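Below: the structure, in structure tokens.
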Amino acid sequence: MPIVKDTLRATVRVGYDGRVSKQFRGPRAAERFANEVRVLRHLEARGCGFVPRLLAADEAQWKIVTTNCGSRVEHLDGERMRELFAELENYGVRHDDAEMRNVTYRQQDGRFCLIDFEFAMILPDAK
């Protein structure tokens, strides 16, 4: 499984089957793991189709497995990026790390997607 991200906070690998495996580590790893799981479940329940779908969560290892949302984006107009993160709020979530490194492009349907929800928050009005 090739590593696509290796930082103090997480290691992310993409399997040959397309699944994405994220191992949390470092400061507040358990909290960040729990938050990302909670947010991804919330988004799936709300029918958000431009984020990864959570396939597995291992609390003992602070590891999640998700679907793949495409390849990282190198260039994106600032206005389009703001629109994309604002669209997420329609599903009751604020990303809180609205950077290009968290935007991918899914070639199958030509859709920009958002990833990496460990710092995201479910908005108070979201049901």
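Rule-based calculations on the coordinates, nothing more; no lab input. This structure is a prediction, so every number in the text was calculated from the model and none was measured. Reconstructed Cβ throughout: ideal geometry from the backbone, glycine too, with neighbour counts over all protein chains shown.
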Checklist outcome for this item: Of the candidates 95, 78, 42, the farthest towards the positive dipole end of the range 26-127 (Lys/Arg Cβ +1, Asp/Glu Cβ -1, centred on the Cα centre) is 42
Item to check | Cα centroid of the range 83-111 to Cα centroid of the range 14-49, whole Å | outcome: 15
Checklist outcome for this item: With label points set 7 Å from each Cα along the Cα-to-Cβ direction at residue 59 and residue 38, the distance between them in nm comes to 1.3
Item to check | For the range 42-48, Karplus couplings with θ = phi - 60° (6.51, -1.76, 1.60), whole Hz, Gly/Pro x | outcome: 4, 5, 5, 5, 8, x, 6
Next on the checklist: Please list, ordered by chain and number, the residues whose modelled amide H lies under 5 Å from the amide H of residue 55; skip anything fewer than 5 residues away on the same chain.
Outcome noted: 65, 66, 67
Item to check | Gained length - residue 31 relative to residue 83, 0.36 nm times residue gap less alpha-carbon distance | outcome: 15.9 nm
Checklist entry - Cα gyration tensor of the range 1-79, axes a ≥ b ≥ c as square roots of the eigenvalues: rounded (a/c below 1.5), prolate (a/b > b/c) or oblate? => result rounded
Checklist entry - Among the Cys residues of the chain, which have no other cysteine Cβ under 4.7 angstrom away? => result 48
Checklist entry - Given H placed on each backbone N at 1.01 Å, which residues far from residue 4 in sequence or on other chains put an amide H within less than 5 Å of it? => result 12, 13, 14
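Under the definition of Cα pairs under 8 Å and six or more residues apart, what whole-number percent is the relative contact order of the chain? Please report the intermediate quantities before stating the final value.
Details: 227 pairs, mean separation 29.0, N = 127.
The value is 23 percent.
Once you charge only the Cβ atoms, +1 for Lys and Arg and -1 for Asp and Glu, what is the size of the charge dipole of the range 3-122 about its Cα centre, to the nearest 20 debye? Before the final figure, lay out the partial values.
Values: 20 positive and 19 negative charges, 71 e Å.
With only Lys, Arg, Asp and Glu charged at Cβ, the dipole is about 340 debye.
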Checklist entry - So what's the back-of-envelope 222 nm ellipticity for the chain, counting only DSSP H runs of four-plus at -39500 (n - 2.57) apiece and dividing by all residues, rounded to 500? => result -7500 deg cm²/dmol
